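Novice: Can you read through this structure? Questions will come right after.
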Protein chains: 2
Amino acid sequence: MTDKALPDQIADKLRRDILKGVLAPGQQIKERDHATDLDVSRTPMREAIRILAKEGLVLLRPSRSPIVADPSFEEISDVIEVLTALELRSGALACQNATDEDITRIQAMQDHMDSCQGKIDRIDFFELDMEFHMAIAAASKNAVLAETHSAFVRRLWRARYLSASRKDSSDRVKRQHHDIMQAFCDRDPELMCAKISVHLDALIENVRDKYAKESESK
Amino acid sequence: MTDKALPDQIADKLRRDILKGVLAPGQQIKERDHATDLDVSRTPMREAIRILAKEGLVLLRPSRSPIVADPSFEEISDVIEVLTALELRSGALACQNATDEDITRIQAMQDHMDSCQGKIDRIDFFELDMEFHMAIAAASKNAVLAETHSAFVRRLWRARYLSASRKDSSDRVKRQHHDIMQAFCDRDPELMCAKISVHLDALIENVRDKYAKESESK
DNA sequence: TAATTGCATTTGGTATACCAAATTTCTGTT
DNA sequence: AACAGAAATTTGGTATACCAAATGCAATTA
């Protein structure tokens, strides 16, 4: 763990805090305070903040304190739209370019997720979910596509986390994953794209519900 | 001009140098040297380098000097593939969401490009070409999509610049743009996507030719 | 001669100091 | 009491100092 670059370590810590809500949306992130908190200097802290800004978790404001991003539904929905475009292309390419080993390995990841369901920390479960989607993108054998896709998956992490509160949703997600995996095993690009669309459309609806409930509770 | 943030100004300068080839692919960018060259300190120079790394123009290597990116054909082709995914989605959405003013404005941009052809600096012409594609993406009314799309257009700038040496290609590009614009005016998503595909497939072939010629000249 | 070891130098990473812009606090006036 | 303006403080931006890892080079050895 100590071998990772310091700014990355700091970014990891801050990211976790943001995703868990320890750092609330809209809250200021003052370089000095957070740097001294973590016993580092401002330099790597600044870099860490830029990393999170690139991921869309933090908003940089010239000559002002950066703040934790507080995206509107429209923004989240826009991000999901981009993710959809990327993931559809990834899926189709993966059907074409994945090795058999890729498929069995990703199948194993899914099995592992199933066996972990409800037994582990929700944050850790979401890590697995992310890794599953990223593994499919990686199987497209287009490194740029996989990397870009990862960036957007990560950017949506908090929104997905928050919108997954409905207890039935995890079962539905599980079924959607199985559908995607089925098409992937058959290397059927059209079907796979269709199932990915279902999955991500459902995500938009989940997020929409979440935002609707939030606004009515005010 | 002086109102822009210092790291951005530095990044602009470096970017131009990279795209024009003043800084050759593979060449090291030493923080101290380039900082003193531009009469700034290492801090904003470091930030500028990170900006260019985000754009894919520079490669960061932990504890080593960053180097100017020297992408293989496969990498460029991967980037174009991602751009295609983004631009297809943009085009379809633009057909749906663009205002009539958007369309007439973009039409005017194209007319302007036509009238400028051959009369202006190739670099300036490419700026117009970029702006044309970015304007279509912006007309999708998905800000995230437009921004991401822009990043990839910019990332391909040098490859397109280098591969546009063939003198007939500009006429072909002009025709392809007209086809895209025709579909856009008719708000026909399928046709527009088809024409965008043609355009970007042609780009891949242009780049492939360029790389083939380059390798045989060695 | 080729390889290797050890030292000197270069260079990125981090910490700190300084500055200017922005924010907050305080104070005096109406 | 409310507002305006100025002083004090906070805070991001930049410059510089220091360190450790990486690199280059030369002397030494097989």
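Novice: Sort out which residues of the range B:162-191 are more than 14 Å from chain A (Cβ to nearest Cβ) and touching a Gly at 6+ places or on another chain (Cβ under 9 Å), and write them in order of number.
Specialist: B:L162, B:S170, B:I180, B:A183, B:F184, listed by residue number.
Novice: Which of (1) surrounded by fewer than 21 Cβ atoms within 10 Å (Cβ to Cβ); (2) under 20 Å from A:H149 (Cβ atoms) does A:A11 not meet, given it meets every other one?
Specialist: (1)
Table: residues versus (1) at pLDDT 95 or above; (2) part of a loop (DSSP other than H, G, I, E, B); (3) away from DNA strand D (no atom under 16 Å from the Cβ); (4) surrounded by 14 or more Cβ atoms within 10 Å (Cβ to Cβ).
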site: B:D3; (1), (2), (3), (4): no, yes, no, no
site: B:R15; (1), (2), (3), (4): no, no, yes, yes
site: B:L19; (1), (2), (3), (4): no, no, yes, yes
site: B:D33; (1), (2), (3), (4): yes, no, no, no
site: B:P44; (1), (2), (3), (4): yes, no, no, yes
site: B:E47; (1), (2), (3), (4): yes, no, no, yes
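Novice: Could you give every pair whose Cβ atoms fall below 7 Å, whose first residue belongs to the range B:53-81 and is under 15 Å from B:L162 (Cα atoms), and whose second residue is surrounded by fewer than 18 Cβ atoms within 10 Å (Cβ to Cβ) and charged (D, E, K, R), counting only separations of at least 6 or pairs across chains?
Specialist: The qualifying pairs are B:F73/B:R208.
Novice: Now for a different question. Does B:H199 meet the test of being on the phi < 0 side of the Ramachandran plot, crowded, with 18+ Cβ neighbours inside 10 Å and over 13 Å from the mean Cα position of the chain (by Cα)?
Specialist: In short, yes.
Novice: Only one residue in A:V82, A:V58, A:V68 is within 10 Å of another protein chain (Cβ to nearest Cβ), modelled with pLDDT of 95 or more, surrounded by 18 or more Cβ atoms within 10 Å (Cβ to Cβ) and in contact with a Leu (Cβ under 6 Å, 6 or more places away or on another chain). Which one?
Specialist: When all the criteria are applied, what remains is A:V82.
Novice: What is the one condition in (1) exposed (fewer than 14 other Cβ atoms within 10 Å of the Cβ); (2) in contact with a helix residue (DSSP H, G or I) (Cβ under 7 Å, 6 or more places away or on another chain) that A:K213 does not satisfy?
Specialist: (2)
Novice: On the given criteria, is A:D102 modelled with pLDDT under 90 and acidic (D, E)?
Specialist: Taking the combined requirement at face value, the residue does not satisfy it.
Novice: Is one or more of the residues making up the range A:167-179 surrounded by 21 or more Cβ atoms within 10 Å (Cβ to Cβ) and at pLDDT 95 or above?
Specialist: no
Novice: Moving on to the next point. Just checking, how many residues over the range B:85-95 are more than 9 Å from chain A (Cβ to nearest Cβ) and under 16 Å from B:S150 (Cα atoms)?
Specialist: 3
Novice: Something else: Specify which of the listed residues (A:R89, A:R46) is more than 30 Å from B:E81 (Cα to Cα) and basic (K, R).
Specialist: Only one candidate qualifies: A:R46.
Novice: OK, next. Name the residue, out of A:A108, A:A92, A:A137, that is farther than 25 Å from A:I29 by Cβ and under 18 Å from the mean Cα position of the chain (by Cα).
Specialist: A:A137
The values are calculated or read from the model by the stated rules, or taken from the named source; none is laboratory data. From a predicted model like this one, the values you see are computed outputs, not experimental measurements. Virtual Cβ from ideal backbone geometry, glycine too; neighbours counted across all protein chains shown.
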